[in-house]
Amino acid sequence: MTPTTWRATILTLYPAMFPGHLGDSIAGRALAAGTWACDAINIRDFAADRHRTVDDTPAGGGPGMVLRADVVAASLDAVADGRPVLAMTPRGKPLSQARVRELAQGPGAIILCGRFEGFDERIFQRRAIEEVSIGDYILSGGEVAALVVMDACVRLLPGVMGAASSGDDESHEHGLIEHPHYTRPPEWEGLAIPEVLRSGDHARIADWRRARSIADTRLRRPDLWDHHGDDQVQSPSDVRQKKKEE
Ligand code: SAH
């Protein structure tokens, strides 16, 4: 089977911001290889008036400008093809690794980037749009958030990370954060690499990593741990163990 291209279409007022940092490094190589594609489309091209107006003052008053639903809808309707439509907004559902994985397994995404005060709410009532937040802080626009979504998806596409890693062991893949890493030199500023990691005993190493992953999650991210549930503890080493047993 020929691999299909994962396609990101970004609706933005700043198309020159794409592919941005994703034009470099592993994502950039995958882009050049056609593993994924990136079309950035200017929402302004869909404005109906002579001045190419995309925004207007907020109904009810207040500062800033609001993106017009009619113009945003026209841009969206021009590219809609069944791919999931995401709008970047701090009011959206926080992005999760589980959602990233689903998106990466699909045909791609259409991503709407807000600016100013955001979108006229009616766009969400009239179009099937998933509102996505990348965290509880406010950016000046949705473009960086869109790049975050794309970065997280692209690295999971088949072949992008190569044989080095399948991404399976990373933080958040199993509801836990990852164990710490070490590399040469074996001693640095009086700190030695934990002995177990130099033992060559793969079972002990896997146990140590699993224990650290659990301990660090409990300590640093009690919120994740609370949702994790003791009965579902499945660390990367559990998964490897299960695979071995099968
Ligand atoms: N007035 C809005 C913020 C607008 S910020 C509010 O208080 O909710 C301008 C644009 O930046 C948004 O429309 C959105 O596209 C983007 N943005 C800002 N913060 C974001 C976040 N945490 N996640 C995703 N997109 C964000």
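Tabulated values for the structure
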read-out	value
Positions within the stretch 119-150 being surrounded by fewer than 22 Cβ atoms within 10 Å (Cβ to Cβ), in a loop (DSSP other than H, G, I, E, B) and not β-branched (Val, Ile, Thr), in sequence order	ASP120, GLU121, ARG127, ALA128, GLY135, ASP136, TYR137, LEU139, SER140, GLY141
Count - residues of the stretch 54-80 that are open to solvent by 40 Å² or more (accessible area, probe 1.4 Å), in contact with a Lys or Arg (Cβ under 9 Å, 6 or more places away or on another chain) and within 14 Å of the ligand (Cβ to nearest atom)	1
Test result for THR9, open to solvent by less than 40 Å² (accessible area, probe 1.4 Å), closer than 22 Å to ALA104 by Cβ and in contact (Cβ under 8 Å) with a residue 60 or more places away in the chain	yes
Residues of the stretch 181-232 that turn out to be open to solvent by 90 Å² or more (accessible area, probe 1.4 Å), among the charged types (D, E, K, R), free of Cβ contacts under 8 Å to residues at least 12 places away in the same chain and part of a helix (DSSP H, G or I), as a count	6
Residue in the stretch 153-163 that is within 16 Å of the ligand (Cβ to nearest atom) and touching a residue at least 24 places away in the same chain (Cβ under 8 Å) present	yes
Given (1) within 12 Å of the ligand (Cβ to nearest atom); (2) touching a Phe, Trp or Tyr at 6+ places or on another chain (Cβ under 7 Å); (3) of a type in the set (Phe, Trp, Tyr), number of the condition TRP36 does not satisfy	(1)
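For (1) among the charged types (D, E, K, R); (2) part of a loop (DSSP other than H, G, I, E, B); (3) open to solvent by 40 Å² or more (accessible area, probe 1.4 Å), each residue gets a yes or a no:
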site	(1), (2), (3)
GLY28	no, no, no
ALA40	no, no, no
ARG44	yes, no, yes
ARG52	yes, yes, yes
GLY82	no, yes, yes
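The values are calculated or read from the model by the stated rules, or taken from the named source; none is laboratory data. A quick note: this is a predicted structure, and the numbers were derived from the prediction, not measured. Glycine also receives a Cβ, built like all others from the backbone with ideal geometry; neighbour counts cover every protein chain displayed. Please note that ligands, DNA and RNA were not included when accessible areas were found on the heavy atoms of the full protein model with its side chains. Shrake-Rupley method; radii C 1.70, N 1.55, O 1.52, S 1.80 Å.
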